[in-house]
1. Considering only DSSP beta bridges with both partners in the stretch 1-69, what is the antiparallel share in %, to the nearest 5?
2. To check you understand DSSP bridge types, tell me what percent of the beta bridges within the stretch 10-129 (both residues inside) are antiparallel, rounded to 5.
3. So for Glu115, Glu46, fewest C-beta neighbours within 10 Å to most, what's the order?
4. Taking R0 as 22 Å, what's the FRET efficiency between Ala97 and Phe77 from their Cβ-Cβ distance, rounded to 0.05?
5. I need Arg14, Arg38 ordered by Cβ neighbour count within 10 Å, fewest first.
6. For the stretch 10-129, what size does the Cα cloud have along each of its three principal axes, sorted from largest down, in whole Å?
7. Which of the trypsin sites (Lys or Arg not before Pro) found in the stretch 57-103 are in a DSSP loop and have at most 11 neighbouring Cβ atoms, other than their own, within 10 Å?
8. Can you give the net charge of the other residues whose Cβ lies under 12 Å from the Cβ of Glu115, counting K and R as +1 and D and E as -1?
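Read-outs throughout are calculated quantities, based only on the coordinates presented, and are distinct from any laboratory measurement. Worth saying up front: this structure is predicted, and the values here are computed from it rather than measured. We place every Cβ from the backbone using ideal geometry, glycine too, and count neighbours over all the protein chains shown.
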Amino acid sequence: MKIPAFTLPAPLARLGAHLPQLPPTLALVGGLNLALDRVLPRDTLEPLTGKRLLLKVTDAGMALRFTLTPRGFRPLFDGRAPDLTISATTRDYLALALREEDPDTLFFSRRLLMEGETDLGLLVKNTLDAVDWDSLGTQLARFRLPLPTGLHTPAGGH
């Protein structure tokens, strides 16, 4: 099933821009750190070390600032100018993640924008293209944890 074309309503973007950006940034860097060395090769990403990255989800009003350090991806808390900004809508990021669209198609149709250091943008694009997405499900399956017994809802419960 293909993701339908959609854009989140403009009021949501205005609201999202006023919400704390740390929770979604922590989710992003947590996911990137899980993928680091398993799916994303650290040596290939080495040129990103110390670079300021900004991921914008344009229709959600989100601006996620992070960097790669020798210990992994970390959120950034200041407003200094990024070295690379990647912008797209929620739908287009989902299509990238699910491999329904490739970065080149989105880039050339102006649905994925990269601003800043061109070589960093190419590195990110080429790294995404090189990931063995079919093995990602296998890699992630190893991280499934059972729910603690206290979290199960009893039959007929609320």
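1. Roughly 75 percent of the DSSP beta bridges within the stretch 1-69 come out antiparallel.
2. The antiparallel fraction comes to roughly 65 percent.
3. Going from least to most buried by this count: Glu46, Glu115.
4. Calculated transfer efficiency: 0.30.
5. Ordered by Cβ neighbours within 10 Å, fewest first: Arg14, Arg38.
6. Principal axes ranked by extent give 41, 32, 25 Å for the Cα atoms.
7. Those satisfying the criteria are Arg71, Arg80.
8. -1
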